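Just so it is clear, none of the values below were taken in a lab; they were calculated from the coordinates. What you are looking at is a predicted structure, and each value in this text was computed from that prediction instead of being measured. So basically every Cβ, Gly included, is an ideal-geometry build from the backbone, and we count neighbours across all protein chains shown.
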C-alpha cells in the first residue's frame with residue numbers, strides 16, 4: 001500500500017512537471033508570479049536543479065541585482081521564458097535577454113525603464129555623486145556582460161533609461177533617486193529586432209493597443225512612452241528636485 005502511494009505521488013509530480021502542451025514550449029514548466037526577489041530566485045534555482053526548462057512568468061520586476069542572479073540561472077541552464085501577464089522592468093531587461101527562447105502571450109505587457117547601465121552613463125556625464133555607486137557599477141557590469149554574451153545591443157539598456165527622461169535628482173537621508181518624466185517605455189517591435197532582443201508572440205502595434213494593455217493590467221496613474229526610439233541627450237539637464 002505504501003509503495004502504491006509513493007508511486008502515485010511520484011506520478012503526480014512528474015505529471016505536473018511534464019504537462020502536455022500543443023505548442024511544446026510549455027511542457028516541463030514552472031510558474032512564477034511576483035517581484036524578482038529572493039523567493040523567485042530560490043524557486044527558479046530549485047526548478048533548474050530538477051531539469052525544468054520552461055518558466056511561465058508574470059512579474060513587474062524588482063531588485064536589479066537579484067534579477068541578474070536569476071538571469072544567470074536562466075542562461076546557464078538554457079531555460080525558456082513564457083510571458084503571461086506582465087514582464088516589466090528587470091524582468092524584461094534581464095530575464096528575457098537571458099532566456100534561450102521567449103514567447104509573449106496575447107495581451108501581455110512588456111516594458112523598460114531605468115537601469116544601472118543607463119544610470120551610470122548619466123552619473124558620469126553629469127558628474128553626479130551618489131551613495132550606492134559601487135552597487136550601480138557592479139549591476140552595470142553584469143548587465144553589460146549579459147547583453148554582450150546574448151548579442152543584444154547595449155543601446156537598449158541606455159535608451160531604456162533615457163527614454164523615460166530623468167529630469168531631476170531627489171535627495172533624502174536614504175540617498176539619491178532619479179525622478180523621471182515617464183514611468184516606463186514600450187519600444188516598437190522593429191527597434192527591438194534591430195537591437196537583437198528576440199522574442200515571438202504578441203507585441204502592441206500602436207499607441208491604441210499599448211493604451212489598452214496599460215488599462216487592462218490596471219497600471220493606473222502612470223505616464224509612459226510608446227515607440228519613440230530617437231536618441232535623447234540629457235547633458236546638463238539633470239538638476240536637484242525642488
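A few comments on the model shown:
- Gain on full stretching of the segment that runs from residue 33 to residue 149 - 0.36 nm per residue minus C-alpha separation: 39.1 nm
- Working note: Debye formula, equal point scatterers on the alpha-carbon atoms of region 42-118, no solvent; log10 I(q)/I(0) at q = 0.19, 0.24, 0.28 Å⁻¹ is -0.72, -1.12, -1.41.
- Cβ crowding within 10 Å ranks 91, 241, 168 as 241, 168, 91, fewest other Cβ atoms first.
- For residue 212 and residue 101, the FRET efficiency from 1/(1 + (r/R0)^6), where r spans their Cβ atoms and R0 equals 25 Å, is about 0.45.
- Among 117, 42, 202, a tally of other beta-carbon atoms within 10 Å of each Cβ gives an order, fewest to most, of 42, 202, 117.
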